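Rule-based calculations on the coordinates, nothing more; no lab input. From a predicted model like this one, the values you see are computed outputs, not experimental measurements. Backbone-built Cβ (ideal geometry, glycine too); neighbour counts: all protein chains shown.
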Amino acid sequence: MAFISDTLSRIQPSATIAATQKARDLKAQGRDVIGLGAGEPDFDTPDNIKDAAIEAIRRGETKYTAVDGIPELKQAICDKFKRENGLTYEPAQAFVAPGGKPILFNAMIATLNPGDEVIIPAPYWVSYPDIVALAGGTPVPVSATIENNFKLTAADLEAAITPKTKWLIFNSPSNPSGAAYSHDELKALTDVLVRHSHVWVLTDDMYEHLVYDDFEFVTPAQVEPKLYDRTLTMNGVSKAYAMTGWRIGYCAGPVELIKAMTKVQSQSTSNPTSISQWAAVEALNGTQDFIPERAAVFKERRDLVVSMLNQATGLKCPTPEGAFYVYPSCEGLIGKKTPDGKVIESDEDFAIALIEAEGVSVVHGAAFGLSPFFRISYATSTEALTEACERIQRFCGSLS
Ligand SMILES: Cc1ncc(COP(=O)(O)O)c(C=O)c1O
């Protein structure tokens, strides 16, 4: 439609939201559907956090706040970065937005000029390229391989950098692969970045607390202090504290960048919800005891899903270090036929045929920039996961 802008034609609606909606629609029609598409913990927000929000309402914390967040939350963010990541930030370097997504949005709008390039390792979270494109920049996806456990290599990063590169968007543990970089793996990348002083790093640490098997999480500015002055360290309460609906994301970085992002937010959403900000203060300052307990449950589910998928004909599923996703390859099934004669030509065909035949909803890898794979979110009950994996095994076994 001519009325809609050219900019909008350059972006896609979120494929993960579309998959979740398709599962919902089929369920509403009475189909027995197991949705493995959604990227949110199935746990509830802990009670101490809910209580803090209720108290905030009763105290009358229901008005506009500072655009970039209340001082109490900015202090809690600085304390968190010091305590957990060994990073020193002043409150003036901290920034709060209505979710992690708007942090990315504000940072890109605040910094990108037409022609500026943003390196995005693939497979990537669906929103990165579209946010970059909306902000007028050029996304530069750099593919990783299953052989390298979906991690970007130093050589590939080096080769992707041009004089126009403005940012690297780094995400560990990763949505969609679950891959997380060890200290040495990350150091290999930061060594490259140190040599290219015009490249900034936006590190999306959303899944920091969801790592397994004693994996030690690290973030770029911690691994390479020389990058501190050009790193935006982003995080949020959505995944770690099961607060996806509260809409709070946060970050810290150089003051000039934070000021520019505040300017963008002042003309868009304004402050994040006052009540959610007080809930986030409690999330960051309150007990963290439930985090390892929940991570232990996620680890069990990861092991179950990886094992069951590797028993399915034609699938290959590496064991990721973190997040609540696996990213199996369906390469072994490309070219095969379903019992009713449809040829599986792509990971999208695989996902469509799977939901039609067995009512299991997954997201195809093309949406994350790397085929032929698909993403499964294991943030759902063990019973549902077991049943879903049995159906996937049956489906794969039915192809010829
Ligand atoms: C890697 C990654 N970054 C950011 C976000 C956005 O989080 P929020 O819900 O806080 O906007 C998500 C959510 O799925 C994510 O997976």
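Numbers at a glance
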| read-out | value |
| --- | --- |
| Under the Karplus curve 6.51 cos²θ - 1.76 cosθ + 1.60, θ = phi - 60°, whole-Hz ³J(HN,Hα) for segment 169-176, x wherever Gly or Pro sits | 9, 10, 9, 8, x, 8, 9, x |
| Distant-in-sequence amide H partners of Phe170 (H built 1.01 Å from N, under 5 Å) | Leu202, Thr203, Asp204 |
| Backbone HN-Hα couplings from phi across segment 59-69 [Karplus 6.51/-1.76/1.60, Hz, Gly and Pro as x] | 6, x, 7, 10, 10, 3, 10, 3, 4, 9, x |
| Over 23 Å between alpha carbons, listed pairs Lys50/Lys299; Lys50/Lys74; Lys80/Lys101; Lys82/Lys226; Lys74/Lys187 | Lys50/Lys299; Lys74/Lys187 |
| Debye, to nearest 20: dipole size of segment 63-285, +1 on Lys, Arg Cβ, -1 on Asp, Glu Cβ | 760 debye |
| Cleavage-rule hits, chymotrypsin sites (Phe, Trp or Tyr not before Pro), segment 1-68, DSSP coil, Cβ neighbours within 10 Å at most 13 | Phe3, Tyr64 |
| Quotient of Cα Rg and 2.2 N^0.38 Å for segment 63-285, N being how many residues it contains | 0.95 |
| Cα-centre dipole for the chain with unit charges at Cβ (Lys and Arg positive, Asp and Glu negative), debye to 20 | 840 debye |
| J(HN,Hα) series, segment 289-306, from Karplus relation 6.51 cos²θ - 1.76 cosθ + 1.60, nearest Hz, glycine and proline x | 4, 6, 5, x, 4, 5, 4, 5, 5, 4, 4, 4, 5, 4, 4, 4, 5, 4 |
| Gyration tensor over alpha-carbon atoms, the chain, equivalent ellipsoid semi-axes in Å | 34, 25, 21 |
| Of Trp125, Ala15, Ile54, farthest towards positive along the dipole that unit charges on Lys, Arg, Asp, Glu beta carbons give segment 1-158 | Ile54 |
